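Encoded as structure tokens, the structure appears first; notes follow it.
The values are calculated or read from the model by the stated rules, or taken from the named source; none is laboratory data. It should be emphasised that the depicted structure is a prediction, and the values quoted were computed from it without experimental measurement. Please note: Cβ atoms are built from the backbone with ideal geometry, for glycine as well, and neighbour counts cover all protein chains shown. Accessible surface areas use protein heavy atoms only, side chains included; no ligands, DNA or RNA. Shrake-Rupley method; radii C 1.70, N 1.55, O 1.52, S 1.80 Å.
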Amino acid sequence: KPQELLNGMVANRLSYPELSWRTSAFQSNSLRSAISRMQQEGLLVVELSQGKSLVRLTGAGREEALRIFPGLHPIQPKWDRTWRLLVFSRLRAQKFPMRTYRTLRTLIQRHRFARLARGVYISPFPVHEELKRALREARVFGSCVLVETKRFVFGDELTFSSQAWSLEERAKAYAKIGNLIESMLIRLHREKALNDAHKIQFLAILRRISPLLQSDPNLPNELFPLEKDTNQVRKEFLKLASLIVEKDPSRLKA
């Protein structure tokens, strides 16, 4: 499931030409192959309108997009004030397969655990059933522990979360992109139609914001005081994406 394809689908329905320039890194036949594969997996549907094909995400596709790009999530999670600490130990002593551990590590970080040290991860979110199932199937319970705690004996939770997820650097990166988005919104509001220069500018913004949306932990407001600012940038990006669709000459008219 090409992540670039999901990232390009920020509107309800897009024509093939609209999708094509958003995913310009793909060859045309690769794009169609990816769309066909995602249709088979129930992530996309292709609809006909005025004799042309329009592609949109299904409910499962939207869930997959939010899993890959948690920064696009419209709702900030509520925090139950519980930390989850996952610790792997004695991996080499128990001859635990490193390939399995690397696969688990990718899954752990995908479920928004921050890595504190080798084999040590922490998260403020409940542990997802997918991760629990993967740990059971990997038979790692002799090599890992999962601890839940509501108490910091020493230290400050805000300072800790800022360091664990590099939140200040993330907020600065969002702010820089926010300036570019604001500038482009002003420019597009003055002009009637989308042109090649607009597309190049939007793709540059898309390339810069995609890694942030993908790695965004989407922390509760209690742990990220600057979340309101970054959330505003994300909203402005979605507003820009909608305006791009509205002004794209390849957009089908109702």
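Every condition in (1) touching a Phe, Trp or Tyr at 6+ places or on another chain (Cβ under 7 Å); (2) open to solvent by less than 10 Å² (accessible area, probe 1.4 Å) holds for D248 except the one numbered (1). Just give me the residues in segment 66-83 being under 24 Å from P211 (Cβ atoms), touching a residue at least 12 places away in the same chain (Cβ under 8 Å) and open to solvent by 10 Å² or more (accessible area, probe 1.4 Å), in sequence order. Scanning segment 66-83 gives R67, I68, P70, L72, H73, Q76, P77.
All conditions but one from (1) exposed (fewer than 15 other Cβ atoms within 10 Å of the Cβ); (2) at pLDDT 85 or above; (3) assigned to a helix (DSSP H, G or I) apply to S30; the one that does not is (2). Whenever a residue of segment 189-212 is under 15 Å from S24 (Cα atoms), its partners that are modelled with pLDDT of 90 or more and of a type outside the set (V, I, T), lying with C-beta atoms within less than 6 angstrom and at least six residues away or across chains, give the pairs Q201/M184; I205/L180.
Among the residues of segment 118-133, which ones are basic (K, R) and either touching a Leu at 6+ places or on another chain (Cβ under 7 Å) or open to solvent by less than 80 Å² (accessible area, probe 1.4 Å) (or both)? Correct list: K132 only. Take the conditions open to solvent by 30 Å² or more (accessible area, probe 1.4 Å), assigned to a helix (DSSP H, G or I) and modelled with pLDDT of 85 or more and apply them to R56. Does it pass? No: the conditions fail for R56.
Determine whether A204 is open to solvent by less than 50 Å² (accessible area, probe 1.4 Å), among the hydrophobic types (A, V, I, L, M, F, W, C) and closer than 30 Å to D80 by Cβ. It is false that A204 is open to solvent by less than 50 Å² (accessible area, probe 1.4 Å), among the hydrophobic types (A, V, I, L, M, F, W, C) and closer than 30 Å to D80 by Cβ.
Would you be able to say whether some residue in segment 187-194 is under 30 Å from E157 (Cα atoms), part of a loop (DSSP other than H, G, I, E, B), open to solvent by less than 80 Å² (accessible area, probe 1.4 Å) and in contact with a His (Cβ under 9 Å, 6 or more places away or on another chain)? Can you show your working first?
The initial filter retains those residues of segment 187-194 that are under 30 Å from E157 (Cα atoms), namely none.
No, every residue in segment 187-194 fails to be under 30 Å from E157 (Cα atoms), part of a loop (DSSP other than H, G, I, E, B), open to solvent by less than 80 Å² (accessible area, probe 1.4 Å) and in contact with a His (Cβ under 9 Å, 6 or more places away or on another chain).
Listed by position, the strands (runs of 3 or more DSSP E) inside segment 75-166 whose residues that are modelled with pLDDT of 90 or more, under 15 Å from N218 (Cα atoms) and under 21 Å from the mean Cα position of the chain (by Cα) number at least 1 are 114-117, 120-123. Of everything in segment 106-117 that is within 17 Å of V140 (Cβ to Cβ) and without any contact (Cβ under 8 Å) to a residue 12 or more places away in the chain, the residue that is surrounded by the most Cβ atoms within 10 Å (Cβ to Cβ) is R115.
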